[in-house]
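Data block below; observations after.
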Amino acid sequence: MGEWGRIDMRTNDFREAKVYAAVNLWLPTRQAHIDWASRFCQTGATISQLEEAREYAAAENLRLPTLPADIDWALRFCPTGAKEYAAMKMRSLTRQAHIDWALRFCQTGATIAQLEEAREYAAENLSLPTRQADIDWALHHLENSCRKHLSLRSSVGTQAAANDVCCPVCLESMPRVIGINLPCAHVLHQTCLDALKQHSSVCPVCRSPF
């Protein structure tokens with residue numbers, strides 16, 4: 001029995017999610033709608049929260065190629081709890097500012113627990129004037145850590161062979177000869193390309209179609 005077997009399909013939330021999938025997603029079967037609804041219900045989010053995130057993605061922010069791609073991004077965005085954290089901790093900001101902050105946070109790949117750990121460090125050691133300043137410092141710290149991490153992973157450096165490339169999906173280095181060349185000449189792992197094709201038909205680097 002799959003993951004959906006542990007979800008009560010009799011609830012209104014599940015039925016609402018399945019209908020949402022049937023109306024908005026290009027899924028091939030009824031079972032695919034059920035699987036998607038189960039995955040969504042496990043996030044603990046509501047359809048309205050998903051729609052709010054999807055509308056953000058659909059605006060001039062993420063430029064994803066299709067409606068299902070917007071929804072897939074929203075489904076990954078909602079479980080982080082970042083927007084709810086912003087709304088609770090930064091009440092002076094607007095709703096749009098909460099979404100903007102949450103997107104910025106999600107791009108670090110960190111968790112709310114890691115953000116709180118950094119915020120607590122700032123509160124205990126840096127003598128910043130406000131709690132908001134502690135949060136700003138924590139987010140900046142996570143962004144710097146993310147940039148350093150990506151730089152280390154994507155850099156060929158002196159230890160990598162000259163014919164190695166970095167897959168733009170997983171950011172892992174690989175020999176060019178085992179990668180899949182897109183028409184635009186960017187190279188991906190076969191498994192990464194297969195996963196990308198499920199919700200996109202453009203290169204993740206240059207946005208050229210393939």
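Structure notes:
- Filtered residues of the range 167-210 (kept if surrounded by 17 or more Cβ atoms within 10 Å (Cβ to Cβ), touching a residue at least 60 places away in the same chain (Cβ under 8 Å) and out of contact with any helix residue (DSSP H, G or I) (no Cβ under 6 Å at 6 or more places or on another chain)): Val202
- Residue satisfying all of: in the range 63-91; in contact (Cβ under 8 Å) with a residue 40 or more places away in the chain and either of a type in the set (Asp, Glu) or closer than 19 Å to Asp134 by Cα (or both); surrounded by the most Cβ atoms within 10 Å (Cβ to Cβ) among these: Asp72
- Every condition in (1) closer than 20 Å to Thr80 by Cα; (2) surrounded by 14 or more Cβ atoms within 10 Å (Cβ to Cβ); (3) not hydroxyl-bearing (Ser, Thr, Tyr) holds for Gly109 except the one numbered (2).
- Residue within the range 191-199 that is in a loop (DSSP other than H, G, I, E, B), touching a strand residue (DSSP E or B) at 6+ places or on another chain (Cβ under 9 Å) and farther than 19 Å from Gln107 by Cβ present: no
- Selection count where residues are among the hydroxyl-bearing types (Ser, Thr, Tyr), assigned to a loop (DSSP other than H, G, I, E, B) and free of Cβ contacts under 8 Å to residues at least 24 places away in the same chain, scope the range 109-144: 2
- Residues in the range 129-148 include at least one that is of a type in the set (S, T, N, Q) and at pLDDT 80 or above.
The values are calculated or read from the model by the stated rules, or taken from the named source; none is laboratory data. For clarity, every value in this text was computed on a predicted model and none was experimentally measured. All Cβ positions, glycine included, derive from the backbone under ideal geometry; neighbour counts span all protein chains shown.
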